[in-house]
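Bear in mind that the values in this text are calculations on the coordinates, not laboratory data. Worth saying up front: this structure is predicted, and the values here are computed from it rather than measured. For neighbour counting, all protein chains shown are included, and Cβ atoms are generated from backbone atoms with ideal geometry for every residue, glycine included.
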Amino acid sequence: MRIIIPIKQVPETSNVKMDPVTGTMVREGVESIINPLDLYSIEVGVRLKEQYGGEVIVVSMGPPKAQDALKEAIAMGCDDAVLLTDRLFAGADTFSTSYTLSRALEKLRPFDLVICGERATDGDTAQVGPGLAALLGLPVSTFTSKVEIEDGHIRATRLIEGGYEVLELPTPALITVVKEISDPRLPTLGGKQRAKKLDIRKRSAQDIEADAANLGLKGSPTRVVKTFTPKVARDGRIIEVKDDKTLSQAVDAIIDILKEKAAI
Amino acid sequence: MKEIWIYSEVREGRVNEVTYELLTRALDLKGKLADSIISAVLMGYKVPEDDKREIIKRGADKVYYVDDPLLKDFLTEPYSKVLIELIKRYKPEMIIAPATTQGRTLMPYTAVRLKTGLTADCTGLAIDEEGSLLQTRPAIGGNIMATIRTSARPQMSTVRPHSARPAVPDESRTGEIINVDIALTEQDVPTKKLGYIKDETQGAGIQDADIVVSGGRGIGKADDFKLVSKLAGLLGGTVGASRDVVDRGWMTYPHQVGLSGKTVNPKVYIALGISGSIQHLAGMQTSRTIISVNKDPDAQIFKVSDLSIVGDLHEVVPALIERLEAAKDEI
């Protein structure tokens with residue numbers, strides 16, 4: 001099996017700090033990491049390779065330092081990596097990103113399966129996976145929680161509202177995966193050494209024969225016109241439970257809210 | 001005439017309630033966009049007439065209905081083909097769909113093929129002075145809100161479920177149901193649906209629930225998670241969990257709320273023993289009302305709570321359960 005895994009390098013957002021004055025993210029001292037939800041797609045890809053043989057190629061679009069994310073994927077067991085890097089790619093929205101990745105993946109055909117993380121934790125759109133599938137003309141399974149190969153078909157279990165749906169897809173196909181699908185391994189020492197030695201292939205807009213009209217900010221149909229910090233703080237009521245009386249007050253207050261807001 | 005489209009989501013053959021939330025949004029936009037009407041796009045196989053009428057009663061001027069056995073189940077590829085065909089024929093100004101697993105798959109698959117923009121999981125929609133759609137959504141784990149405009153047409157958005165109330169039916173409203181023929185063949189359906197397994201523990205599905213009762217590390221041990229489930233059961237709500245709890249195996253992943261889990265937006269969110277990491281807040285801070293119980297008076301979760309109970313959940317929750325059970329017995 002030849003498996004392609006598109007990944008993204010993102011700022012470490014679990015401890016993100018916002019500048020209260022400008023309302024923008026404080027970038028200083030913020031580490032860049034592999035999108036945490038891409039670790040699951042990498043793990044699934046490497047496991048399928050271990051089971052069925054073949055190779056796993058990891059692809060990322062980003063600035064030159066995004067090669068750190070690709071190296072980490074190599075250290076986890078991916079075989080090869082391609083970095084799409086070009087000033088023309090900067091500022092891409094989900095259309096432009098899907099387009100750029102699709103051009104790169106066209107050059108990597110034939111492949112059997114493309115595996116994407118559910119979404120990136122910075123943009124949080126979950127749009128690039130299905131967008132990429134559409135541009136490559138591939139059938140898609142999103143929010144996949146289990147994947148099996150049967151008689152050359154992909155059997156994908158999707159986590160949807162209220163349960164799981166099972167789909168059968170012909171190959172080549174694209175799946176996006178949720179966290180439930182795997183337990184990502186840590187990079188091995190041997191993997192790290194291989195990653196260190198590997199010269200990551202870099203590809204420009206010209207290399208992938210991309211139409212400049214679809215690239216970067218210029219090729220993006222959407223524009224951010226304003227950003228602001230959401231008002232999350234609520235001036236709520238506080239009840240400290242110290243004795244039976246305050247316990248009873250707390251229970252009353254909860255029940256009042258449930259009656260008023262959720263009609264129980 | 002500018003058409004504002006909504007995507008009517010069908011689940012198991014019936015129009016889903018989330019469709020009516022989109023009508024609330026559409027009615028608001030129609031009021032702000034001169035010379036506009038609301039049209040609903042509906043695909044399926046033998047969708048009941050009553051469901052189509054209901055969409056009109058709740059605000060649509062037109063329903064474009066495409067009926068085909070190949071559209072019986074939601075599958076991205078044929079649904080997208082039909083949607084693209086409809087868009088080419090009727091040229092809507094904008095299309096809004098729910099940010100459900102259907103909407104979040106169908107819309108990006110469709111938008112890129114039309115070379116237009118799509119904004120994910122919006123919590124606010126407005127019209128600017130030039131008549132363009134302003135789409136506001138949370139980004140970076142809910143730490144910032146971004147307002148986005150699309151230069152191409154149609155403008156497309158998915159809207160977070162439960163971020164608007166469903167539009168109410170008005171029996172006097174009239175509208176037109178237009179049956180549209182779009183030829184589909186087996187080749188348009190490369191993917192087969194083999195089955196659906198209902199997850200009984202999910203109840204109505206955590207993203208559709210009116211009440212979510214979530215437990216965090218403060219629950220203490222796996223066995224005590226029963227308290228959370230019991231309270232959720234009594235309230236007709238759904239169980240949620242922090243990442244910690246899922247990583248420890250006290251609850252399964254479909255229940256995880258937060259950055260690497262689900263984003264929920266219930267009427268009431270009850271956080272039990274949850275400290276309120278950024279990662280968790282990202283998944284629940286837009287809930288309409290938040291109640292939290294935590295021993296630590298400095299817990300972050302209290303900053304986003306409407307009611308903060310500083311105390312031991314092992315005291316508060318049993319007392320609450322007892323009161324709810326007593327009230328139930330009276331009825």
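Given R0 = 30 Å, the distance between the Cβ atoms of residue B:173 and residue B:126 translates into a calculated FRET efficiency of 0.80.
Apply the Debye scattering formula to the range B:2-188, with a single equal point scatterer on each alpha-carbon and no solvent, then give log10 I(q)/I(0) at q = 0.11 Å⁻¹. So the normalised log intensities are -0.43. Quote to one decimal, in nm, the extra length available between residue A:245 and residue A:263 on full extension: 0.36 nm per residue of separation minus the C-alpha distance between them. Full extension of this stretch gives 3.9 nm more.
Taking 29 Å as the limit for the C-alpha separation, the pairs A:107/A:226; A:245/B:226; B:52/B:328; B:88/B:192; A:107/B:81; A:107/B:193 exceed it in the case of A:107/A:226; B:52/B:328; A:107/B:193. Within chain B, DSSP assigns beta bridges of which about 20% are antiparallel (rounded to the nearest 5). Note on chain B: with charges restricted to the Cβ of Lys and Arg (+1) and Asp and Glu (-1), its dipole about the Cα centre is near 740 debye.
Each of B:8, B:229 was scored by other Cβ atoms within 10 Å of its Cβ. Listed from fewest to most, they are B:229, B:8.
Based only on other Cβ atoms within 10 Å, what is the fewest-to-most ordering of A:78, B:122?
On the way: A:78 27, B:122 22.
The most exposed by this proxy come first: B:122, A:78.
Converting the Cα gyration tensor eigenvalues of chain A into ellipsoid dimensions via √(5λ) gives semi-axes, longest first, of 38, 25, 20 Å. The range A:70-89 and the range B:146-170 have Cα centres lying 36 Å from one another. All Cα-Cα distances of the range B:157-258, cut into 10 Å bins from zero to the largest, leave 12, 28, 23, 20, 13, 4 percent in each bin in turn. With all pairs of different C-alpha atoms in the average, the Kirkwood value for the hydrodynamic radius of the range A:209-260 is 16.4 Å.
Extending 7 Å from Cα along the Cβ direction at residue B:34 and again at residue B:248 yields two label points whose distance is 6.1 nm. Once the chain from residue A:50 to residue A:193 is taken as fully extended at 0.36 nm per residue, the excess over their C-alpha distance is 49.5 nm.
Shape descriptor for chain B: Rg over Rh equals 1.01 (Cα atoms; Rh from the Kirkwood inverse mean 1/r).
When the alpha carbon gyration tensor of the protein assembly as shown is reduced to an equivalent ellipsoid, its three semi-axes come out at 37, 32, 23 angstrom, largest first. Estimated from helical segments only, the mean residue ellipticity of chain B at 222 nm is -8500 deg cm²/dmol, where each DSSP H run of four or more residues counts as -39500 (n - 2.57).
When you restrict to C-alpha pairs under 8 Å that are six or more residues apart and normalise by the size of chain B, the relative contact order lands at 14 percent. Normalised by residue number, the volume inside the convex hull of the Cα atoms of the range B:109-161 is 87 Å³ per residue.
Calculated FRET efficiency, residue A:148 and residue A:229, Cβ-Cβ r, R0 51 Å, to nearest 0.05? Mind dumping the intermediate values first?
Working: r = 44 Å, r/R0 = 0.87.
Efficiency at R0 = 51 Å is approximately 0.70.
For residue B:144, nonlocal amide neighbours, meaning residues 5 or more places apart or on other chains whose placed amide H falls under 5 Å from its own, are B:139.
A simple spin-label model places the labels of residue B:17 and residue B:85 3.3 nm from each other, with each point 7 Å out along Cα-to-Cβ. The antiparallel fraction among DSSP beta bridges confined to the protein assembly as shown stands at about 35%. Using the Karplus relation 6.51 cos²θ - 1.76 cosθ + 1.60 with θ = phi - 60°, the per-residue 3J(HN,Hα) values for the range A:233-247 come to 5, 10, 8, x, 7, 10, 10, 9, 8, 10, 8, 4, 5, 5, 4 Hz, with x marking Gly and Pro.
Within the range B:1-93, what percent of beta bridges assigned by DSSP are antiparallel, to the nearest 5?
15 percent
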